[in-house]
Amino acid sequence: MRNILIITASLIILSCNGNYQSEDYLNLKDKLAGKWKAKAFSGELHEEWNLEKNGWMLQQGYYIENNDTSYSAVTRIEKIGNDVILFSVIKNSNPKIFKAISISDNEIVFENKDYKNPYQVKYEFVTENNYRRTIKGFENDSLVTYEFNFEKMK
């Protein structure tokens with residue numbers, strides 16, 4: 001009888017785990033989850049954002065120009081203590097960490113002034129099918145701003 005109870009309890013736990021919904025701790029799933037693309041320079045940026053099981057957002061992105069993928073990155077937005085952090089790992093480059101300095105329903109601004117380029121990354125949630133990412137930094141001691149308008153792919 002004891003073995004039947006253990007097996008039944010195990011099956012209940014396993015079936016519950018299969019239906020488990022991740023908690024959206026930062027309320028970003030409705031704003032970012034999905035596949036996106038944006039015109040960039042002479043090519044296109046492609047991104048896919050997903051809500052991870054631990055409740056944080058994870059992005060995998062790449063840049064294509066002339067059928068060549070010249071850039072790929074993995075980005076994660078999560079909360080650590082009271083801070084919202086953006087971790088970005090670009091292939092063949094050092095990882096970058098930014099802290100949110102401003103958060104509202106329509107935008108998040110991340111900054112790390114220890115970096116020259118970029119030192120600021122801003123996400124603006126325009127509509128449910130559009131968001132804008134603006135990147136600011138210094139190149140050759142001149143301030144540069146890059147703006148990418150993403151559209152959700154159907």
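Readers should treat all values here as calculations from the given coordinates under stated rules, not as data from a laboratory. The structure displayed is predicted, hence computed values, not measured ones. Cβ coordinates were reconstructed from backbone atoms using ideal geometry, including for glycine residues, and neighbour counts include every protein chain displayed.
Between I80, I103, I135, the residue with the greatest mean-square fluctuation in the GNM of the chain (Cα pairs under 10 Å linked by springs) is I80. Taking GluC sites (Glu not before Pro) as exposed when their DSSP state is a loop state and no more than 13 other Cβ atoms lie within 10 Å, the longest site-free interval of the chain runs over 53-127. A straight chain from S72 to K53 at 0.36 nm per residue would run longer than the Cα-Cα distance by 4.6 nm. Across Y62, Y115, Y123, mean-square fluctuation computed from a Gaussian network of the chain (C-alpha pairs under 10 Å connected) peaks at Y115. Counting 0.36 nm for each residue step from E65 to D24 and taking away their Cα separation leaves a gain of 11.4 nm.
For the chain, the ratio of Cα radius of gyration to the globular rule of thumb 2.2 N^0.38 Å stands at 1.29. For K116, the aspartates and glutamates whose Cα comes closer than 16 Å to its Cα, not counting residues fewer than 8 places off in the same chain, are E139, D141. With contacts taken as Cα pairs under 8 Å at a separation of at least 6 residues, the chain carries a relative contact order of 15 percent. Cross-link partners of K35 among aspartates and glutamates, defined as those whose alpha carbon lies under 16 angstrom from its own and excluding same-chain residues fewer than eight positions apart: E44, E47, E48, E52, E128, E151. The sum of -39500 (n - 2.57) across all DSSP H runs of n ≥ 4, divided by the residue count of the chain, sets its helix-only mean residue ellipticity at 222 nm to -4000 deg cm²/dmol.
Placing a pseudo-label 7 Å from each Cα along the Cα-to-Cβ vector at S93 and E147 gives an inter-label distance of 2.1 nm. Close amide-amide hydrogen proximity is noted between N117 and F138, each under 5 Å apart and 5 or more residues distant or on a separate chain (H modeled in the peptide plane; Pro and chain starts excluded).
Per-residue Karplus couplings for the stretch 97-103, computed as 6.51 cos²θ - 1.76 cosθ + 1.60 with θ equal to phi - 60°, are listed in order as 10, 10, 10, 5, 9, 8, 9 Hz, Gly and Pro entered as x.
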